[in-house]
Every structure is written in structure tokens, then in C-alpha cells.
Amino acid sequence: MKKGLIVSCQAEEGSPFNSPQFIAAFAKAAELGGAVGVRVRDPENVRAVADVTDLPIIGLTKGLFDSGGVLVTPTIDDVLRLVDSGADIIAFDATIRRRPGGMSGLEFLRAVRAAIHSPVLADISNVHEGLAAAEEGADFIATTLSGYVEAPVRSKYEPDFSLIKEIASRTKTPVIAEGRIWSPEQAKTAVDCGAFAVCIGSAITRPVDIVRRFVDSLSDLEQTAEI
């Protein structure tokens, strides 16, 4: 997967594409376009994707922290179901936040390593979490949660290049650049910063978000003209 593109094939609640057949179609389209892997939420979608492509599948589920924030792959049962469904790599939240029940991200990483033999991908939000996950034996580190745990990011369209660069320079564990990558130029910059590979979701597989971005841009022009 080195220097390749991973496509996150997910659909938000309420999207007309939120069903296994469409998620599988996104994954097949990603393969035809030259992607080296896909990131897929929920066992039923993993199964559907595994039926149409041989690309490596990064599997995850989603739940909630007690605070209401999104929790990537909440339980070991989720991990086992994803493996049984055909996921090749398991992604989960490895941040410092405490899961329902009190387990930290690193404690959960240890539990996952003890439960399965599949490679694991630690979703982190900062340098400390990334290096700690690497030290605990994560096979991949992903910058997925940058801006979701600490101070919010300044722009939802700017990747956290500094986070990618610092983690990549301080560990040999492959770093997957993920989060707010909207253009080929940004993807290339991420690799130049040391990313092993790049994972892109909204810019490719979320038509609602893509349309909204264009609509917002045109609205900005209209407001400027009124001024």
C-alpha cells in the first residue's frame, strides 16, 4: 500500500447511498480507479465489499462515548465480527479518551492485540497518542481523529500536515494520512510529509458533502457580490 490511495467507503445516516450494495459499488469504483485499499464501516458492508473486490479492507464500527462523541469500534465483539466478515485490518480509536466502561485507547489496543492476529490500525488525534500506539505495537497509525479530541481545526478543508510529519519522523510504524484531504495536491503533500499512504473519504464517496462544498462556494460569491 506504500504511497497509495485508500478510499474510505462510508455513507452518513440519511444518505441515499447508505446501504451495502452502494458501499460495495463505491469500493469497486475505487479499485477500478487504482486504489490500494478501502476503509469500510460495519460487518454487513465489509461482507458486501469483500464479495466484489480483493483490495485490503480496513474494517470498523461506530458507537458513542459517554460525552456523545463518535467512538470508532467500541468493543472487542465488534472487532471479532469485523474479522469474521472479512476485514483484513481493524481500525479503532486509540486516543486518550475513556471508553464506556473506563478503558483507554491504549488499553483497548492491548485487548485487540490479545484477541486477534489481524493487523490493527490506531486512529489518533495527536503526536503523543500516535507514538504511544506505535510503542504498543499498532501496525498502522492514522491521523483520522485530528481536530476531534483537542482544539477544533481552523478549516475543515486543511489536512493536519504537521501531525503527519512529526509522527512519521519519530516512528517507523507506517502513518496513514487521513482527515480533510480534498485534492490530489494535498494527498501528495501528505506523502511528502512522510505518510506511508493516504486515506480519503468525503472528497470521493460522499456526494452530499461534495455538493454542499460547491453550494457553499457559490453562496460565498453571492454574499461578496451583495457587499
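Odds and ends about this structure:
- Beta bridges per DSSP, both residues in the chain: antiparallel share near 10 percent.
- The residues MET1, MET103, when put in order of fewest to most other Cβ atoms within 10 Å, stand as MET103, MET1.
- Spacing of the two label points (7 Å from each Cα toward its C-beta) at LYS2 and LEU32, in nm: 3.0
- Options PRO74, THR173, ILE124, ranked by Cα towards positive dipole end of the chain, top entry (Cβ charges): THR173
- The ranking of PHE214, PHE161, PHE65 from fewest to most other beta carbons within 10 Å of each one's beta carbon is PHE214, PHE65, PHE161.
- The longest part of the chain holding none of the exposed loop trypsin sites (Lys or Arg not before Pro), meaning those outside H, G, I, E and B in DSSP with at most 15 other Cβ atoms within 10 Å, is 4-97.
- Counting only DSSP H runs of at least 4 residues, each contributing -39500 (n - 2.57), and dividing by the residue count of the chain, the helix-based mean residue ellipticity at 222 nm comes to -12500 deg cm²/dmol.
- For VAL211, VAL83, VAL40, VAL72, order by how many other beta-carbon atoms lie within 10 Å, fewest first: VAL211, VAL83, VAL72, VAL40
- Rounded to the nearest 20, the size of the Cβ-charge dipole of the chain about its Cα centre is 380 debye, with Lys and Arg at +1 and Asp and Glu at -1.
- Inter-label distance for GLU136 and SER155, nm, one decimal - labels placed 7 Å from Cα along Cα-to-Cβ: 3.3
- With at most 13 neighbouring Cβ atoms within 10 Å, loop GluC sites (Glu not before Pro) (DSSP) excluded, longest segment of the chain: 14-149
- Between LYS188 and ARG98, the distance separating the two model label sites (each 7 Å from Cα on the Cα→Cβ line) works out to 4.7 nm.
- Pair-distance profile P(r), taking every C-alpha pair of the chain, with 5 angstrom steps and integer %: 1, 7, 15, 18, 21, 17, 12, 5, 2, 1, 1, 0, 0
- Alpha-carbon centroid distance for the pair segment 33-60 / segment 179-224, whole angstrom: 22
No lab work stands behind these numbers, since they all come straight from the coordinates. Every value quoted in this text rests on a predicted model; they were computed, and no experiment measured them. With ideal geometry, Cβ positions are generated from the backbone for all residues, glycine too; neighbour counts draw on all protein chains shown.
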